[in-house]
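> Quick one: the structure is below, and I'll ask about it shortly.
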Amino acid sequence: MPFSLDKTSHLFIKTENGGLQKVNVKDKDDIEQIKLIRRHLLKICEDFKIGNYSDPIKIHGEQMPGLTR
């Protein structure tokens, strides 16, 4: 992960059409973590657009909500 797991929280929610991932900073003033989260999620978004799901599977495993293809 490019951001601190100690300074953030992850929430995965399975939805009818896939899944939702939320990443929140624990300290709203931690600008560095906010930047890292945004950069990471933008990269994941770009990967998903081209059908590349490899990073979430590597990081969170095959059973992460929303990854079923």
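> Looking at (1) out of contact with any Pro (no Cβ under 7 Å at 6 or more places or on another chain); (2) open to solvent by 80 Å² or more (accessible area, probe 1.4 Å), which one does ASP55 not meet, given that it meets all the others?
(2)
> Within segment 1-30, can you find the residues that are open to solvent by 60 Å² or more (accessible area, probe 1.4 Å), touching a helix residue (DSSP H, G or I) at 6+ places or on another chain (Cβ under 9 Å) and either closer than 18 Å to PHE48 by Cβ or free of Cβ contacts under 8 Å to residues at least 12 places away in the same chain (or both)?
MET1, PRO2, LYS28
> When you check ILE44 against the structure, is it touching a helix residue (DSSP H, G or I) at 6+ places or on another chain (Cβ under 8 Å) and surrounded by 13 or more Cβ atoms within 10 Å (Cβ to Cβ), yes or no?
So ILE44 fits the description; yes.
The values are calculated or read from the model by the stated rules, or taken from the named source; none is laboratory data. These numbers come from a predicted model, not from an experiment. Cβ atoms come from the backbone with ideal geometry, glycine included; neighbour counts cover every protein chain shown. What goes into the accessible areas is simple: the full protein's heavy atoms, side chains included, and nothing from ligands, DNA or RNA. Shrake-Rupley method; radii C 1.70, N 1.55, O 1.52, S 1.80 Å.
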